[in-house]
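The values are calculated or read from the model by the stated rules, or taken from the named source; none is laboratory data. Please read all numbers here as calculations on a predicted model, not as lab measurements. Virtual Cβ from ideal backbone geometry, glycine too; neighbours counted across all protein chains shown.
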Amino acid sequence: MSDRQRIAIIGGGLCGLTCAIRLAEHDVDIDLFEAAPAPGGRTRSFFDTRVNQWVDNGPHLLVGAYHRTQRLLEEAGANQYIHWQPSLELPLWDAGRGHFQLVPPPHLPLALAMPWACLRLPGHHMDSATALLRLAMANRKSMASGIDAQTTVHDWLQQIDVPEALIRDLLEPLCLGAMNETIQSANARSFSLVLREAFNSHACARLGWFTQPLSKALVEPLVRLAKSRGVRIHTSIRIKELNEHDHKVHIKTGSACEKFDAAIIALPARARNRLLNMHAKIETRCITNIHFWLADTEALPRPMIGGIGTTGQWFFDVSQQMPEQTESPYRHICAVISADQRDASRQQRISKVCRELQEIMGRKSPLKPDHLRMVREFHATTQVRAGQSNIRLSECIIDASEAPLPGEFPATIEAAVIRGEQAAKHCQSFLNT
Ligand SMILES: Cc1cc2nc3c(=O)[nH]c(=O)nc-3n(C[C@H](O)[C@H](O)[C@H](O)COP(=O)(O)OP(=O)(O)OC[C@H]3O[C@@H](n4cnc5c(N)ncnc54)[C@H](O)[C@@H]3O)c2cc1C
């Protein structure tokens, strides 16, 4: 064994992998422990034998404002697996208006392009455009810092007098997409940060998606990069105990107990609390993904469509997004129900979404999927809440868990990467003292 300092990272999701990659830039020994048989955490894929395909637990969207994620993926050689829109286009659908889309013209500054694009949405008038300008003013950093930590997005939008139509067609879908929470309970401070970052420029506002399943597009490149820097990744090891004494962290890794100079907890707050026997309440939200495989079915008009007033909030044409899958005889469409707190049976969810998809596709006959799979991630995101902050356990145990506070980024890919990088920095400066 070398006499270099030893660090343990607990959790092999994006946060843990990022932390490992960043720490491995320094002269330290790193062991990463992952409870599941493979790293990846909530960004994972499974193999569906019926269609002979790797399938994501749920489609993951990226935003141009995810700067740290983009830098990391570039380093890992994974940016080739992302398709970026040239500039923001948000295709939408509802039962009354059919298909329409928000397209801010790229030649105008975004601050003007957004109100212009809103004016062109069916059912919108000058009040939507002027409300967007008011919102932009209220969202300037200096003003937004005055939003009370407990204020919900709904109450904040009421204070700014944003018309219902703008909330329904733009702000509610954005809130569901970015925060996995309805405006009634989502935190306004964090939502305002999301808006500020995403609408900073055309490049920040555009959307991106993976052109390969997450395991190949995201997880494998990060694992390769981590291993190439000497990180040891141990899978199927759930850490159940860790203690600090004599300035060392003692971790039970299966039957052995190993000593480390520092440990980083890269878990969702629920898992952290279980590990540390803490009983604080942590609020999470579910995401339900319903995957359909349909033979002889035309593409959706766009690779992704937001549903307004629908049960499925997003409809992803996965076959269009992942062109390699065109070999398959089936069209793969995934309907996403964000913040799914509904009291509905599996069959009710499927029937509703099937009917919506039929209308979106403009089909007369009911959809008859050749294969269907519903994946429910009950704790898909840890919600932004006051008082669940990362905890300081000791100098050598660093908490990088997902527990966003008001004013911080909600639980997203970018937030996981930021937490991983911050924990690596923190750990490095601790080791240097
Ligand atoms: C269906 C779905 C759709 C999403 N869509 C988007 C999206 O479109 N855009 C976006 O930005 N974000 C999206 N997210 C959120 C994003 O996936 C997560 O915020 C991010 O992946 C969290 O990474 P993490 O490393 O913090 O946590 P995790 O990915 O949860 O990683 C934690 C890891 O720790 C492991 N673990 C747990 N306990 C232990 C233990 N005791 N010992 C060892 N290992 C342990 C777990 O197995 C897991 O692998 C989505 C999430 C889901 C579920």
Legend entry - Output for the stretch 159-181, where each listed residue is within 16 Å of the ligand (Cβ to nearest atom) and polar (S, T, N, Q): Asn180
Inset, instruction - Would you mind listing the helices (runs of 4 or more DSSP H) fully within the stretch 94-192 where at least 3 residues are in contact (Cβ under 8 Å) with a residue 12 or more places away in the chain? - result: 110-119, 126-138, 153-159, 172-179
Inset, instruction - Answer yes if at least one residue in the stretch 57-74 is β-branched (Val, Ile, Thr), part of a helix (DSSP H, G or I), in the same structural domain as Val223 (by TED's automatic domain parsing) and within 15 Å of the ligand (Cβ to nearest atom), and no otherwise. - result: no
Inset, instruction - Would you point out the residue of the stretch 355-412, among those that are more than 16 Å from the ligand (Cβ to nearest atom) and hydroxyl-bearing (Ser, Thr, Tyr), that is surrounded by the most Cβ atoms within 10 Å (Cβ to Cβ)? - result: Ser394
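May I ask you to list the residues in the stretch 178-193 that are crowded, with 21+ Cβ neighbours inside 10 Å and out of contact with any Cys (no Cβ under 7 Å at 6 or more places or on another chain)?
Ala178, Met179, Asn180, Asn187, Ala188, Arg189, Ser190, Ser192, Leu193
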Legend entry - Residues of the stretch 338-386 satisfying the condition of being of a type outside the set (A, V, I, L, M), in a loop (DSSP other than H, G, I, E, B) and under 22 Å from the mean Cα position of the chain (by Cα): Ser338, Asp340, Gln341, Arg342, Gln383, Arg385
